[in-house]
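**Q** Just dropping this structure here.
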Amino acid sequence: EVDDRTDRRRTRRINDAKFPRLNRLADFNVDVVPTISAATLGHLAAGGYMDAGEPVVLLGDSGTGKSHLLIGLGLAACEQGRRVRYVTCAQLVNELVEAADDRILSRVVGRYGRLDLLCLDELGYVKIDPRGAELLFQIITEREERASISIATNLPFSEWGTVFPDPRLVTAIVDRVTFNAHILETGTQSYRLRTSKTRNRKRAS
C-alpha cells in the first residue's frame, strides 16, 4: 500500500510538471558532450542542490541537449516526490502578464514560489518587454536561495541584455541565477547529430 501510494504521488508529480516529453538523465549520451560528465549528472540527480536552493544553468546552442537535461532534472526531482513545473520563458511571461491583468498575480507568484524546482526553458529565444521582464524577476526573486530554478538558455550571460531591456534588471537576474549555481555547458554542436554519428560508428564496428 505504501509503495502504491508512492507510485501514485510520483505519477501525479510528473503530470503536474507538464513536461512536453519524458527525457531521462540516464538516457543522455555523455559520450558526445565532453563538457558534461556522468558524475555531474549523477550528483544533480541526487537532488542535493534543491535542498540548498541552488540554481542550475544549462548553456549551449540550439539542439545541443539542454532541454533533454532540463527535463531530465525535473523528472528526477518528480521521482523523489518533489513539486516541479516545466515552462518555457515565453509561456511563463505570458502567464504572469495575464495574471497581472486579472489581478491574481500574487496568487500565481505564490504558486511558483512553492515549487521545489522550476524548470525554465528557452530563455533567449524571445525578447521580453519591460513589463514581462519585471514579472519574471519577481518569480526569480521569490525563489532566491530558497528554492531551486533550472534554466536552459542559448545565450551566454553577457548577451542576456538582448532579452531583457533594462540593464540593471539584467544584472540583478544574472546575479541571482548564478549565485552558488551549477553551470553546465552543452557546447555548440548538435547533440542529436553527434548521437546519431556515435550510434552509426558503433553499428559499423
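**Q** Which one of these is of a type in the set (S, T, N, Q), touching a residue at least 40 places away in the same chain (Cβ under 8 Å) and surrounded by 20 or more Cβ atoms within 10 Å (Cβ to Cβ): Ser62, Ser67? Walk me through how you get there before you give the answer.
**A** Numbers: Ser62 fails: surrounded by 20 or more Cβ atoms within 10 Å (Cβ to Cβ).
Answer to the check: Ser67.
**Q** Could you tell me which residue of the range 96-113 is nearest to Ala52 (Cα to Cα), considering only residues that are in contact with a helix residue (DSSP H, G or I) (Cβ under 7 Å, 6 or more places away or on another chain) and of a type outside the set (Gly, Ala, Ser)? Let's see the steps before the verdict.
**A** First pass over the range 96-113, keeping only residues in contact with a helix residue (DSSP H, G or I) (Cβ under 7 Å, 6 or more places away or on another chain): 96-97, 99-100, 105, 108-109, 112-113.
Adding the requirement that they be of a type outside the set (Gly, Ala, Ser) leaves 96-97, 105, 108-109, 112.
Values: Leu96: 26, Val97: 30, Leu105: 27, Val108: 23, Val109: 21, Tyr112: 17 Å.
By that ranking, first place goes to Tyr112.
**Q** Kindly establish whether Gly161 is surrounded by fewer than 18 Cβ atoms within 10 Å (Cβ to Cβ), outside any helix (DSSP H, G or I) and not charged (D, E, K, R). I'd like the intermediate steps shown before the answer.
**A** On the way: surrounded by fewer than 18 Cβ atoms within 10 Å (Cβ to Cβ): yes; outside any helix (DSSP H, G or I): no; not charged (D, E, K, R): yes.
No.
**Q** As an exercise: evaluate Arg146 against (1) more than 13 Å from Cys89 (Cα to Cα); (2) surrounded by fewer than 16 Cβ atoms within 10 Å (Cβ to Cβ); (3) free of Cβ contacts under 8 Å to residues at least 60 places away in the same chain; (4) not acidic (Asp, Glu) and give the number of the one condition it does not meet.
**A** Evaluating Arg146 over (1) more than 13 Å from Cys89 (Cα to Cα); (2) surrounded by fewer than 16 Cβ atoms within 10 Å (Cβ to Cβ); (3) free of Cβ contacts under 8 Å to residues at least 60 places away in the same chain; (4) not acidic (Asp, Glu) leaves (3) as the failure.
**Q** Another question, then. Kindly provide the set of residues from the range 174-183 that are touching a residue at least 40 places away in the same chain (Cβ under 8 Å), in contact with a helix residue (DSSP H, G or I) (Cβ under 7 Å, 6 or more places away or on another chain) and of a type in the set (A, V, I, L, M, F, W, C), ordered by number.
**A** Val177
**Q** Here are Glu54, Glu79: which of them is more than 26 Å from Gln138 (Cα to Cα) and among the charged types (D, E, K, R)?
**A** On the way: Glu54 fails: more than 26 Å from Gln138 (Cα to Cα).
Result of the check over Glu54, Glu79: Glu79.
**Q** Among the candidates Asn29, Asn15, which residue alone is of a type in the set (S, T, N, Q) and under 14 Å from Leu75 (Cβ atoms)?
**A** Answer to the check: Asn15.
**Q** Right, something else. Only one residue in Ile151, Ile139, Ile128 is part of a strand (DSSP E or B) and either more than 29 Å from Asp51 (Cβ to Cβ) or open to solvent by less than 80 Å² (accessible area, probe 1.4 Å) (or both). Which one?
**A** On the way: Ile139 fails: part of a strand (DSSP E or B); Ile128 fails: part of a strand (DSSP E or B).
Only one candidate passes the filter, namely Ile151.
**Q** Name, by its number, the condition in (1) in contact (Cβ under 8 Å) with a residue 24 or more places away in the chain; (2) surrounded by fewer than 17 Cβ atoms within 10 Å (Cβ to Cβ); (3) not in a helix (DSSP H, G or I) that does not hold for Arg85.
**A** (2)
**Q** Determine which single condition Ala90 fails, assuming it passes every other condition in (1) small (Gly, Ala, Ser); (2) within 24 Å of Ile183 (Cβ to Cβ); (3) open to solvent by less than 10 Å² (accessible area, probe 1.4 Å).
**A** (3)
**Q** Run Cys78 past the list (1) open to solvent by less than 30 Å² (accessible area, probe 1.4 Å); (2) touching a residue at least 60 places away in the same chain (Cβ under 8 Å); (3) outside any helix (DSSP H, G or I); (4) of a type outside the set (Val, Ile, Thr) and report the number of the one that doesn't hold.
**A** In the conditions (1) open to solvent by less than 30 Å² (accessible area, probe 1.4 Å); (2) touching a residue at least 60 places away in the same chain (Cβ under 8 Å); (3) outside any helix (DSSP H, G or I); (4) of a type outside the set (Val, Ile, Thr), Cys78 misses (3) alone.
**Q** When you scan the range 15-37, how many residues do you find that are of a type in the set (A, V, I, L, M, F, W, C), open to solvent by 30 Å² or more (accessible area, probe 1.4 Å) and farther than 19 Å from Gln80 by Cβ?
**A** Total meeting the criteria: 1.
**Q** I want to confirm something. Restricting to the range 104-125 and keeping residues that are part of a loop (DSSP other than H, G, I, E, B) and touching a Lys or Arg at 6+ places or on another chain (Cβ under 7 Å), which single residue is least open to solvent (accessible area, probe 1.4 Å)?
**A** Top of the filtered list is Leu115.
The values are calculated or read from the model by the stated rules, or taken from the named source; none is laboratory data. Because the structure is predicted, anything quoted here is derived from the model rather than measured. As a convention, Cβ positions derive from the backbone with ideal geometry for all residues, glycine included, and neighbour counts pool all protein chains shown. Note: areas computed on protein heavy atoms with side chains; ligands, DNA, RNA excluded. Shrake-Rupley method; radii C 1.70, N 1.55, O 1.52, S 1.80 Å.
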